[in-house]
Amino acid sequence: GAGVSQSPRYKVAKRGQDVALRCDPISGHVSLFWYQQALGQGPEFLTYFQNEAQLDKSGLPSDRFFAERPEGSVSTLKIQRTQQEDSAVYLCASSLAWGGLAKNIQYFGAGTRLSVL
Amino acid sequence: SQQGEEDPQALSIQEGENATMNCSYKTSINNLQWYRQNSGRGLVHLILIRSNEREKHSGRLRVTLDTSKKSSSLLITASRAADTASYFCATANNAGNMLTFGGGTRLMVKP
């Protein structure tokens, strides 16, 4: 597709429910990032993939958060046993892994707004 | 945690005026970028300035970088109502592939 696509756009979950958020990056983009954005704040890094390899997951807030990218394209962020503090917008971004400074520019999806009741 | 702070947190101006936003950061960087976010949307890349550059222009945007003070500014000249959005600075690590965002400046441009 033309840009990064995320689904669903909105998700309401009851506390304790598991959720799965999907990200389709730009075709050919090797790097994929997940961010969490609280209301009125900047995005905070969660995890980073290069192809199918998860190179950095230092931003995941707890072991309830899990991300995968098994074939190096589509990625899924899973949150188990959701809590109210997980309510946020989850943003996915992709970038080239080569091309000098071009690799530094990230292209963002519109995000998934998760509300945990 | 976020890399730095942006100042002001909110800015309201009239169409045609200039808008200046500042960003401070804490660690050494490879480059610094500015992104715009319209309400309910993802972030859009605006401009990138490398750590060895001091100033860069792109259309109505002017970015400065002072690595000795660990600060950057974004100037939008001749603002338009369509510039209303949140603006975030983001610093890239030494490898150049990981971004850390500031808290953002919410800009409102009144017609």
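We did not get these values from a lab; they are worked out from the coordinates using the rules stated. Small disclaimer: the values here were computed from a predicted structure and weren't measured. Cβ coordinates were reconstructed from backbone atoms using ideal geometry, including for glycine residues, and neighbour counts include every protein chain displayed.
Things to note:
- With contacts taken as Cα pairs under 8 Å and at least 6 residues apart, region A:17-117 reaches a relative contact order of 31 percent.
- Pairwise inverse Cα distances across region A:32-73, averaged and inverted, put the Kirkwood hydrodynamic radius at 10.9 Å.
- Value in Å of the Kirkwood radius, where region B:1-73 supplies the Cα pairs that are averaged: 13.5 Å
- Note on chain A: Cα-Cα pairs beyond 16 Å make up 57% of the total pair count.
- Each principal axis of the Cα cloud of the protein assembly as shown was evaluated for its coordinate range; sorted largest first, these ranges are 48, 37, 33 Å.
- Of all lysines in the structure, the ones whose alpha carbon falls short of 17 Å from that of A:Lys57, not counting any fewer than 8 places away in one chain, are A:Lys78.
- Loop-located chymotrypsin sites (Phe, Trp or Tyr not before Pro) in region A:20-103 whose Cβ has at most 11 other Cβ within 10 Å (DSSP): A:Trp98
- The packing ranking of peptides A:17-29, B:77-89, A:103-115, highest mean first, is A:103-115, B:77-89, A:17-29, where packing means the average number of other beta carbon atoms within 10 angstrom of each residue.
- Within a straight-line Cα-Cα reach of under 24 Å, B:Lys56 can be paired with the following lysines, leaving aside sequence neighbours fewer than 8 residues apart in one chain: A:Lys103, B:Lys26, B:Lys69, B:Lys70.
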